[in-house]
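Reading through the structure tokens given below for one structure.
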Amino acid sequence: MKAPGMDGDHAPSTLAFLLSQVGIHASKRFAERIATINLNPPLFRVLNLIDAAEGTSQQAIGAAAEIPPSRMVALVDELEQRGLVERRPYPADRRVRALYVTRKGRQTLARGRKIAKDHEEELTRGMSAPDRKRLVELLQKMVDEQAIGRGVHPGLAKGGPAET
């Protein structure tokens, strides 16, 4: 006996279901891939943020990315313990610490970005470049309309699936 909906006569999948299905698959697969360089998605994201705003305070980077302060401290602590980032006194206020990516962090970041690029290519295999571009545009429009936050992964802020 076949399971309900498995006979080919079931209704087409909804957009929400397909987005969820692809999202869970993409998150799980990326976590597996980035783990090969001893990172997880939140650490990789924060390392990218620090690289983009090097010399900025931990608080400013966390606020811009909508990462709660306690979560940001824990992530930066871990990156620092691994030798990927360092805290230095902030020139304008010695009580504040500015974040910098170390040489080891840059090497790790380069490897992680290659993994991310390969991951995206695998996810969009079979799609033309214009189709991939259009898909990104449409998904970004959804993110903007839902006020999710550009570049903010809910798993970083709430301990969701990106935590794996």
Restricting the stretch 55-80 to residues that are under 14 Å from V96 (Cα atoms) and touching a residue at least 40 places away in the same chain (Cβ under 8 Å), the residue that is surrounded by the fewest Cβ atoms within 10 Å (Cβ to Cβ): G55
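Scan the stretch 63-99 for residues that are among the polar types (S, T, N, Q) and closer than 16 Å to P41 by Cα and jot them down.
none
Hey, can you tell me all the residues within the stretch 1-58 that are hydroxyl-bearing (S, T, Y) and at pLDDT below 90? Write out each step before concluding.
Within the stretch 1-58, the first condition is being hydroxyl-bearing (S, T, Y), and the residues that meet it are 13-14, 20, 27, 36, 56-57.
Across the stretch 1-58, the qualifying residue is only S13.
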Examine the stretch 102-113 for a residue that is loosely packed, with under 14 Cβ neighbours inside 10 Å, part of a helix (DSSP H, G or I), among the charged types (D, E, K, R) and in contact with a Leu (Cβ under 7 Å, 6 or more places away or on another chain), and state whether such a residue exists. yes
How many residues are part of a helix (DSSP H, G or I) and either aromatic (F, W, Y) or surrounded by 12 or more Cβ atoms within 10 Å (Cβ to Cβ) (or both) when one looks only at the stretch 123-138? 5
Could you check, for the stretch 28-41, whether at least one of its residues is touching a residue at least 40 places away in the same chain (Cβ under 8 Å) and touching a strand residue (DSSP E or B) at 6+ places or on another chain (Cβ under 9 Å)? no
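A quick yes/no check of all residues on (1) part of a helix (DSSP H, G or I); (2) at pLDDT 90 or above; (3) surrounded by 13 or more Cβ atoms within 10 Å (Cβ to Cβ):
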{"site": "L99", "(1), (2), (3)": "no, yes, yes"}
{"site": "A116", "(1), (2), (3)": "yes, yes, yes"}
{"site": "H119", "(1), (2), (3)": "yes, yes, yes"}
{"site": "G155", "(1), (2), (3)": "yes, no, yes"}
Which residue pairs have Cβ atoms closer than 7 Å, lie 6 or more positions apart in sequence or on different chains, and pair a first residue in the stretch 101-122 that is on the phi > 0 side of the Ramachandran plot with a second residue that is outside any helix (DSSP H, G or I) and among the aliphatic types (A, V, I, L, M)? none
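The values are calculated or read from the model by the stated rules, or taken from the named source; none is laboratory data. None of the values given here were measured: they were computed from a predicted structure. So basically every Cβ, Gly included, is an ideal-geometry build from the backbone, and we count neighbours across all protein chains shown.
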